[in-house]
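Please treat every number below as a calculation from the coordinates, not as lab data. All values derive from a computational prediction rather than experimental measurement. Cβ coordinates were reconstructed from backbone atoms using ideal geometry, including for glycine residues, and neighbour counts include every protein chain displayed.
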Amino acid sequence: MDGKTLRLEEEELRTQDPTFWEDAKKAEAQMKIVKDLKKWIELYNELHAATQELLLAYEYAKEGVLEEDEVDEAYDKALTQLEQLEFRNMLRQEADRLGCVLKINSGAGGTESQDWASMLMRMYMRWAEANQYKITLNNLQDGDEAGIKTVTMQLEGDYAYGYLKGENGVHRLVRVSPYNAQGKRMTSFASVFVAPLVDDTIEIDVNPADYTWDTFRSGGAGGQNVNKVETGVRLRYNYKDPDTGETREILIENTESRSQMDNRENAMRLLRSMLYDLALQKRMEEQQKIEAGKKKIEWGSQIRSYVFDDRRVKDHRTNHQTSDVNGVMDGKIDEFIKAYLMAFAREEDRK
């Protein structure tokens, strides 16, 4: 903390330069550094105060001034703050501080899988709301009878990517299906892809010669624009792998706004986010790229199983599990996030 406090003083001195705001992007990046350091110091001071309160409570309890349950309360408070600070300390990668783009695709299996994809969408939205992240739906395609085929969401706020990067993979549901007349137990799959959401401080070059635009009529209920004006946009980008030279298409659809211009701007931001993620993966010397996580949605490739009848949710990478199925589906996934970071954050630091 002494080092962070000293660095904060140095970084704040830079903001007092009379020419500081002449370069807006550079100034914004500097203010983020200052804000992050202040947050660390604030959290540390809160924890320090909580531990001092605990020590005092312990002394008062020995003297008979406080009850034992009051000491327990002070202990729980200090322990929670300590764990939160340790949790944040695991998020050290360059992209961890960013918001994220989260995409959910239903697997094979029709209505059952599409319903499962919508349940996952609700789970992540409830988690985001509980953590006060701004949620934007960029592209939502309804299922044939129920649920959704696909959705792309933006979660804006500090460390959304750092917390959710471990959700990338295939999620498996086992339940007695309400869509099966015989009441059989069925297995469904949906895939989740997570990429960091770039901000204005990150430079990503996009060659205009490598992308094209299509427009289409946005579907949905209500509104004079719906199905009359082509406000939906489809961005096609030819991505060339810098190592192999192979080219593949990145396709992004955006129907968030009734303004075609706004949809174009956001689609371009999503493209920049994906390109940043690809560059990030290269830099970390990982073999997979963002699309490489698109394993065939079937047995053997899932990262987590949700077994409703047995009241069990289990992560196959960390072996962390819980019987609180309803809580998990209501967005209480922090224990799974923490278990993943505990297991893999240090491994990332070594790369």
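Values computed for the structure shown
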{"quantity": "Where Rh is the Kirkwood radius over Cα pairs, Rg/Rh for segment 1-146", "calculated": "1.15"}
{"quantity": "Share, in percent, of DSSP beta bridges within the chain that are antiparallel, nearest 5", "calculated": "90"}
{"quantity": "Label-point separation, Arg248 to Ala130 (7 Å along Cα→Cβ), nm", "calculated": "3.4"}
{"quantity": "The chain: calculated mean residue ellipticity at 222 nm from DSSP helix runs of at least 4, using -39500 (n - 2.57)", "calculated": "-14000 deg cm²/dmol"}
{"quantity": "The chain - convex hull of the alpha-carbon atoms, volume per residue in Å³", "calculated": "202"}
{"quantity": "Asp72-Glu12 FRET efficiency (beta carbon distance; Förster radius 51 Å; 0.05 resolution)", "calculated": "0.80"}
{"quantity": "Nearest-20 debye value, the chain charge dipole, Cβ charges on Lys, Arg, Asp, Glu", "calculated": "1800"}
{"quantity": "Over 24 Å between alpha carbons, listed pairs Lys4/Lys26; Lys25/Lys165; Lys38/Lys103", "calculated": "Lys25/Lys165; Lys38/Lys103"}
{"quantity": "Most to least packed among 123-129, 274-280, 65-71, 304-310 [average Cβ atoms within 10 Å]", "calculated": "274-280, 123-129, 304-310, 65-71"}
{"quantity": "Spatial separation of Cα centroids for segment 163-203 and segment 77-125, in angstrom", "calculated": "10"}
{"quantity": "Most mobile listed residue (Leu197, Leu155, Leu13) in the chain, GNM with C-alpha springs under 10 Å", "calculated": "Leu13"}
